[in-house]
Amino acid sequence: MECALAIQRGMISLKTNDHGERQIKLRIGVNLGEVLIDGDEIYGDGINVASRLQELADPDGICISSSVFGHIDGAIDHGFSDAGAYQLKNIVKAVRVFKYSPAPLGGHQERAFRPFIDLPVAEKPLVTGGCLCGQVRYEVSEKALGSMLCHCRMCQRFSGAPMLEGTTFPVGAFRLTKGRVKIYQSSLIAERGFCAKCGSPILYQGRIGYWTNWIVVTTGSFDEPENYPPTYHLSTESRLPWLNVVDDLPQTTCRDSPSLVEAYRAVGQDVP
């Protein structure tokens with residue numbers, strides 16, 4: 001990683017002093033994973049992901065996977081920003097991508113939505129799901145904006161589990177096709193919905209500002225939850241001490257979420 005950063009910073013420095021019309025611009029992708037070596041050839045998903053990351057990088061920039069970011073964060077001066085989860089070509093699981101770019105990233109959208117949702121992409125698959133007893137059924141007609149594992153005490157109580165996975169969608173994409181969801185206002189900034197008969201947790205929705213534009217649906221209530229792996233941990237300050245998290249996903253506290261901090265400020269409170 002230090003080599004990749006040195007190359008890109010060095011190339012920019014060289015071009016600053018070179019006023020010629022033709023300049024070389026590099027893109028770099030870095031991944032951490034196993035590879036297969038056969039003579040002079042190398043194979044494997046580790047290589048494929050690195051190749052796809054390179055394609056996502058800006059000219060003079062670098063893209064890395066969350067497995068790399070987990071090792072360098074706090075260890076070297078890197079300047080990477082969370083770019084969200086991407087479904088890369090020929091890669092089964094979504095990959096959380098972190099970007100380094102010499103150009104400013106125009107912080108409003110990133111600041112407003114990280115870490116609750118990721119950047120949307122063009123595909124619009126249909127997601128279906130429902131509660132345990134079958135009285136509630138729903139469908140979602142838009143691409144997921146991101147999936148998270150939340151460790152906050154409210155999600156723990158809501159789910160009866162040490163953490164809750166939720167997947168975020170545009171609010172207008174969610175539609176009940178059977179039954180009704182009972183709504184409970186869990187705080188001044190949000191409300192939660194569950195099946196009135198069996199109590200299965202179904203959804204979480206913000207009540208403040210732009211939070212009303214999206215809805216979090218419990219991933220466990222999907223018909224095919226295996227297609228929506230989490231891409232980060234939220235509210236890790238409340239993680240139970242006996243829960244051993246061994247994945248390499250990014251972890252963040254509630255106080256590190258600008259959208260959450262601003263929502264609580266709007267109602268005159270601090271983040272719990």
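For LEU243, the requirement of being aliphatic (A, V, I, L, M) and within 19 Å of SER66 (Cβ to Cβ) is not met. Of all the residues in the range 82-114, those that are modelled with pLDDT of 85 or more, more than 12 Å from the chain's Cα centre (by Cα) and closer than 30 Å to GLY209 by Cβ number 1.
Is the range 227-235 home to any residue that is more than 18 Å from the chain's Cα centre (by Cα), surrounded by 13 or more Cβ atoms within 10 Å (Cβ to Cβ) and touching a residue at least 24 places away in the same chain (Cβ under 8 Å)? Checked the range 227-235: no residue is more than 18 Å from the chain's Cα centre (by Cα), surrounded by 13 or more Cβ atoms within 10 Å (Cβ to Cβ) and touching a residue at least 24 places away in the same chain (Cβ under 8 Å).
Remark: pairs (first residue in the range 35-46, over 19 Å from LYS89 (Cβ atoms); second residue small (Gly, Ala, Ser); Cβ separation under 6 Å; 6+ apart in sequence or on different chains) = LEU36/GLY44. Note on the range 249-268: residues that are under 18 Å from the mean Cα position of the chain (by Cα) and part of a loop (DSSP other than H, G, I, E, B) total 5. Looking at the range 131-175, the strands (runs of 3 or more DSSP E) lying wholly inside it that each contain 3 or more residues that are modelled with pLDDT under 95 sit at 146-150, 164-170.
Does the range 196-204 contain at least one residue that is in contact with an Asp or Glu (Cβ under 8 Å, 6 or more places away or on another chain), closer than 22 Å to SER257 by Cα and either aromatic (Phe, Trp, Tyr) or at pLDDT below 90 (or both)? The answer is yes, given that some residue of the range 196-204 is in contact with an Asp or Glu (Cβ under 8 Å, 6 or more places away or on another chain), closer than 22 Å to SER257 by Cα and either aromatic (Phe, Trp, Tyr) or at pLDDT below 90 (or both). If the condition is being of a type in the set (A, V, I, L, M, F, W, C), modelled with pLDDT of 85 or more and surrounded by 11 or more Cβ atoms within 10 Å (Cβ to Cβ), then the range 1-34 contributes MET1, ALA4, LEU5, ILE7, LEU26, ILE28, VAL30, LEU32.
Just checking, does the range 46-61 include any residue being touching an Asp or Glu at 6+ places or on another chain (Cβ under 9 Å), open to solvent by 50 Å² or more (accessible area, probe 1.4 Å) and assigned to a helix (DSSP H, G or I)? No, every residue in the range 46-61 fails to be touching an Asp or Glu at 6+ places or on another chain (Cβ under 9 Å), open to solvent by 50 Å² or more (accessible area, probe 1.4 Å) and assigned to a helix (DSSP H, G or I). Check off (1) among the charged types (D, E, K, R); (2) buried (at least 17 other Cβ atoms within 10 Å of the Cβ); (3) over 27 Å from GLU262 (Cβ atoms) for LYS178 and give me the number that stays unchecked. Answer for LYS178: the failing condition is (2). Say we look at the range 62-83 and pick out the residues that are among the acidic types (Asp, Glu) and under 19 Å from ARG9 (Cβ atoms); which of these is least open to solvent (accessible area, probe 1.4 Å)? The qualifying residue least open to solvent (accessible area, probe 1.4 Å) is ASP73. What single numbered condition from (1) more than 21 Å from the chain's Cα centre (by Cα); (2) farther than 27 Å from ARG137 by Cβ; (3) open to solvent by 70 Å² or more (accessible area, probe 1.4 Å) fails to hold for VAL246? Failed condition: (1). For the range 249-272, filtering for residues that are under 28 Å from ASN31 (Cα atoms), polar (S, T, N, Q) and open to solvent by 70 Å² or more (accessible area, probe 1.4 Å) leaves 1.
The values are calculated or read from the model by the stated rules, or taken from the named source; none is laboratory data. Here the structure is a predicted model, which means the values were calculated and not measured. Virtual Cβ from ideal backbone geometry, glycine too; neighbours counted across all protein chains shown. What goes into the accessible areas is simple: the full protein's heavy atoms, side chains included, and nothing from ligands, DNA or RNA. Shrake-Rupley method; radii C 1.70, N 1.55, O 1.52, S 1.80 Å.
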